[in-house]
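Here is the structure we will look at, set down as structure tokens.
Any read-out appearing in this document is the output of simple, stated calculations on the displayed coordinates, not a laboratory observation. Remember, it's a predicted structure, so these values are computed and weren't measured experimentally. When we count neighbours, we look across all protein chains shown, and the Cβ atoms used for this are built from the backbone with ideal geometry, even at glycine.
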Amino acid sequence: MNAHDSEKVIGTLVSQGYSQVPTVEEAELVFYNTCSIRDKAEQKVFHRLQQFKRDGKGKTFAVLGCVAQQEGEKIFEKAPHVSMVCGSASYNQLPQMLVQLEAGNRRVTGLSLDTEDTFETPLTRRDNPHRAYITIIEGCDKSCAYCVVPFTRGPERSRTSASVIAESRQLSEIGYTEIQLLGQNVNSYRDPSPAAWNFATLLDSVGHVPGIRRVRFTTSHPRDFVKQIVDAIDENPALCNHVHLPVQSGSTRVLAAMQRLYTRDEYMQRIAWMKSTRRPIAITTDIIVGFPGETEADFEATLGLLDEVEYDSIFSFKYSRRPNTSALALGDHIAEEEKGRRLAILQEKQRQIQIRQNAAYVGKVEECLVEGFNQATGQWIGRTSQNKTLNFLRPVEEGDLTGSYVEARVTRAGPNSLSGEYVH
Ligand code: 5AD
Ligand code: SF4
């Protein structure tokens, strides 16, 4: 999401007549986009800003993103060489803010979260030549106890279905075949135009745009993840058979403390929908270990959930304290060392699951979008609809496959990728 914000900010700058340079050294104006979802993001940002100060005489600096929103004008005090601080909810104002910067204003701010606008850009500078990102909803109306996002990205606002479909068509026309729909919670997408589409309808429609062969989406919230989404995936082959459904914990008690608005059973109901489809849907998740008050029994419940769901992969994190969040007030914070122990156990368990899961693919033929060639291994890098990496052999002399769709047979499986041979 943040990386795509950068693509849109760069597009905005370019359409204002700026040009991008390859290194910070060559820049006159440095835009530093920041994330504060976990860890010591603020310290890292101030550290980097100090480096900028040392090496950046005569340059103008702007701080963007979640740390900008969170720290606000404090950034000017701690790092006086910074001239602009702007959170993502104010990116629409960038053209006016640039005028102020050019006029010599050294305290330009965009910090209001009070917006109903989404960030529509005249141009987007896309980094990935195969997969194009489209933001469909910004902000978040949930209030998960550990999460800083509602404070840094503001309330939910959805783009119109017409603008999302128009962007999808444009992308298809310039040669993109894969689209990833983005939002903090795409499932709560609500078309503000009279058509009033929900997420499942939008997803299905993007999957019907001529030339678009793959549609992905991230991220989902189990509370708003309805069966209609699963039905759409089952029926429309252009929708990738992969769902990322963050669970955070396998303990209903911890889920309640996290204010996640679902129980373990309700989550498992959604997993059951996905496991009863005709198409095999890969399921991935996010997990936080060591949330305040998480007991050994709660942690065991999360381990048990991994066994029950058998995820294709997971992102797992140690709980970290975030400013403004309600979890700060909870008692019984878990020691860092114990969080580390739980994380290691969880990751090792998941590794074993992935070894078993991936072994089941040996012998199968999978369609891959070829992302490139790995010189070191001499293999092409393919990605399956299920979002697995499938590396395969085929002599380079026989042609460049990058960007094309091929079929490959899986011959070997590891915990994190598959390898195989080219079929056609
Ligand atoms: N501590 C640890 N992990 C967090 N995440 C969000 N906030 C925190 C936090 N304070 C994780 C969640 C979320 C993912 C994007 O980051 O698992 O789904
Ligand atoms: Fe954060 Fe919860 Fe919103 Fe996700 S749904 S962005 S975890 S508050």
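With a Förster radius of 25 Å applied to the C-beta separation of GLU25 and ASN2, the computed FRET efficiency comes to 0.60.
Label point 7 Å out from ALA272 along Cα-to-Cβ: which residues of the range 353-367 have amide N under 19 Å? No residue qualifies, since no backbone N sits under 19 Å from the label point. Label positions at ALA166 and ALA103, each projected 7 Å from the Cα along the C-beta direction, are separated by 3.0 nm. In this simple spin-label model, placing a label point 7 Å from the Cα along the Cα-to-Cβ direction at both ASN128 and GLU348 gives a separation of 3.3 nm.
The distance linking the range 121-139 with the range 215-238 is 20 Å (Cα centroid to Cα centroid, whole angstrom).
As a ratio to 2.2 N^0.38 Å, the alpha-carbon radius of gyration computed for the chain takes the value 1.03. Spin-label model, ARG223 to ALA256: label points 7 Å out along the Cα-to-beta-carbon direction sit 1.5 nm apart. Look at the dipole of the chain built from charges on Cβ: of PRO22, VAL149, ALA297, the Cα furthest out on the positive end belongs to ALA297.
When each of ILE174, ILE75 is scored by the number of other beta-carbon atoms lying within 10 Å, the sequence from fewest to most is ILE174, ILE75. What FRET efficiency do you get for LYS57 and GLU308 if R0 is 56 Å and r is their Cβ-Cβ distance, rounded to the nearest 0.05? Step by step, r from the Cβ atoms, then E = 0.45.
Using only Cα coordinates, the Kirkwood hydrodynamic radius of the range 174-332 works out to 16.9 Å. Here the chain is assigned +1 on the Cβ of each Lys and Arg and -1 on the Cβ of each Asp and Glu. Its dipole about the Cα centre then comes out at about 500 debye. When the helices of the chain are scored as -39500 (n - 2.57) per DSSP H run of n ≥ 4 and the total is divided over every residue, the value at 222 nm lands at -10000 deg cm²/dmol.
Taking the number of Cβ atoms within 10 Å of each Cβ as an exposure proxy, the fewest-first ranking of ARG48, ARG342 is ARG48, ARG342.
Given an 8 Å cut-off on Cα distances and at least 6 residues of separation, report the relative contact order of the chain as a percent. Value for the chain: 10 percent.
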